[in-house]
Each structure stands twice: as structure tokens, then as C-alpha cells.
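Structure first, commentary second.
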Amino acid sequence: MLDLWFTEKWSEDTRFSIKVKEHLYSEETPFQKIDFFTSNEYGRFFTLDGMIMITEKDEFIYHEMITHVPMCTNMNIKKVLVIGGGDGGTVRELTRYSTIEKIDMVEIDERVVRLSQKFLPFTADKLEDKRVTLYFQDGLKFVEECSSETYDLILVDSTDPISVGEGLFTTEFYKNCYRVLKEDGILVNQHESPYYERYSQEMKKAHNKIKNIFPIAKVYQFHQPTYASGHWLFGFASKKYNPTLDCKIEEWNKLDIRTRYYNTDIQMATFALPNYVKAQLEEK
């Protein structure tokens, strides 16, 4: 019997493969192709259009870093908008804060959410928290129609800027995010990788758009082993707060939130970027 492998193309000359134990489920929706697998090394993992979204082994890294960096920066966040994030991991991390009063999650493809609830209970188990409201529509349209100064925090937990994720990397979208954030609001967005050309081009384009809209626009890094190159970035933009100068380290540590990757030492260090990344971000 031949071994079954899942393979993702990272560049023209690079592939990443996981030996599959079982292909659990596959479905083609009007938006994308959804697959769930199990493996010995990474546990369960989930792909969209042949690209890894999360694996059971390392999902905590991404979800902790998209959530706790802004939460440590502003401890008074009450109302949060999550765009994308259908696997539920970002919402799971947000629900760990008793101070958050409302979490709105906008996911264009309801099947991602419903299938994640079935196959990924380790990320999707908090989607029924009483503070969470699910909206199944286009995130670009949602923020366009949203009232000004509604949210304290927007987390854009999106796919890459292709297919259904493309609109979440536009100037129009970022401008609307700025408008719907309160006067001290924060935006964190999935910011691609600096390593392979096709990812770094999108990283640079996104950063150039955001820094022309927000007075504070920074980029931070984290290590995600199953994403292309393992070196991945988030964008941090704010109307008021600097994530290293204004962060509330002592206050956050008093919450005693048990994390596996994030800590307040990382809060300070994650914004220290390699020179080659700095050079790319300075390019026009």
C-alpha cells in the first residue's frame, strides 16, 4: 500500500509535505475546497484550496500571537471584530479575557465554521460562547456597512490574498477598518511571510497601504512551522497605542493566562525584525 502525503507548494522549487494517516473529509463549497486530515506528526490539520490553515500541533502559536499582543497593549478592549478565523482558534483565545464583552466574527463561508466545529473541537469549542455573534458574509462588505467607531480591536484572521481573501488586503478595506475602530482602536492583520517572493510581495503591499492610513503601523514576527518558510508576520496598526511602549506587562501577567507560546518577553521582542525584513518593509 502506497503512503499518502499532503503536499503544499511554498515556491516554484520548494514543497512541504505531511504524511497523512487518514483523509477525514473533503468538500467543495461555492467559495473554496475544504479538507480535513489526520497525521501522526501534526495531529489533525485543515486545508483550504490545498493550503494549510492550521494543524493541531502548532495552531496555538498563530492564535496566541494574533490575540495576546494587542490585548497586552490595551487592557481596556471590550468589543472585538474577528474577520475570517472560521476554525475558531482566535475566538477561543479572546474568550479567555473576562473583560471582553462582545466578539463579532465574520466568516464568508459558513461551512468552514460548521466543519471546524465537527472536526476541530480543540479550536472551535468557544464559538458558542454567549459573547460571540457569528456573521456569514463578506468581511469587506461588513466593515463597509459598519458604523464608525464601533470596535476597540479588529483581528483579520484571513487566508492569503487570493480567492476569498483578496478583498481583505485592499486600501479600501484598511480605510474602513480605521473608520470603524474607536479613537484608541487597534488593527492586527495576517501579514504573510518575508521569505519567499510571492509572499513577501504581498507583505510589502499590505504594509505600504496600512502605514499610509494609521499613525502607528508596525510589523511583528512569529515562528509557525507549517506555514511557508516557518517565518511569518502580523501587521499591527493603531490610532493611539505603541505595542512596545504602551503595553501593560505587569497588568497582563496578573491575569495569569496560561499560554504555550506568547509571554510578555515576546511582546517586546517580537517587533525586533531581521534587517532583510526591515529593508523589504521600507521599499516602496
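Counting only alpha carbon atoms, the long axis of helix 59-73 and the longest principal axis of the chain meet at about 0°.
Each peptide in 105-118, 39-52 was scored by the mean count of other Cβ atoms within 10 Å over its residues; highest first, the order is 105-118, 39-52.
Under 5 Å between amide hydrogens, built in the peptide plane, is the criterion, and for residue 25 it picks out 36 among residues at least 5 positions away or on other chains. Between the amide H of residue 273 and any residue lying 5 or more places away or on another chain, no distance stays under 5 Å, with hydrogens modeled in the peptide plane. Under 1.5 on a/c is rounded, so check that first for the range 184-232, then, if it is not, pick prolate when a/b is larger than b/c and oblate when it is not; a ≥ b ≥ c are the square roots of the alpha carbon gyration tensor eigenvalues. Cα axes put the range 184-232 in the oblate bin. Here the calculated FRET efficiency for residue 3 and residue 57, from their Cβ-Cβ distance with R0 = 30 Å, stands at 0.95, rounded to the nearest 0.05. Among residues other than residue 7 whose Cβ falls under 13 Å from its Cβ, what is the net charge (Lys/Arg +1, Asp/Glu -1)? It works out to a net charge of 0. If you line up the long axis of helix 171-180 against the longest principal axis of the chain, both from Cα atoms, how many degrees apart are they, to the nearest 10? The two axes meet at around 50 degrees.
Computed with a 1.4 Å probe over protein heavy atoms only, the accessible surface of the chain comes to 44 Å² per residue.
Here the relative contact order of the chain, from alpha carbon pairs under 8 Å that lie six or more residues apart, stands at 16 percent.
Of the solvent-accessible surface of the chain, computed with a 1.4 Å probe over protein heavy atoms with every protein chain present, carbon and sulfur atoms account for 48 percent. Of all beta bridges that DSSP places with both ends in the range 1-135, some 70 percent have antiparallel geometry. Taken about its Cα centre, the chain carries a charge dipole of roughly 620 debye when the Cβ of each Lys and Arg holds +1 and the Cβ of each Asp and Glu holds -1. Over 5 Å intervals from 0, what percent of Cα-Cα pairs in the range 1-114 sits in each interval? Over the range 1-114, the share of Cα pairs per 5 Å bin runs 2, 10, 18, 19, 17, 14, 10, 6, 3, 1, 0, 0 percent. Ordering of 264-277, 182-195, 139-152 by packing is 182-195, 139-152, 264-277, highest average first (other Cβ atoms within 10 Å, averaged per residue). Stokes-Einstein diffusion for the chain at 20 °C, viscosity 1.002 mPa s, with a Kirkwood radius from C-alpha pairs, works out to 112 µm²/s.
The values are calculated or read from the model by the stated rules, or taken from the named source; none is laboratory data. Computed from a predicted model, the values in this text were never measured in an experiment. When we count neighbours, we look across all protein chains shown, and the Cβ atoms used for this are built from the backbone with ideal geometry, even at glycine. These accessible areas exclude ligands, DNA and RNA; they are computed on the full protein's heavy atoms, side chains included. Shrake-Rupley method; radii C 1.70, N 1.55, O 1.52, S 1.80 Å.
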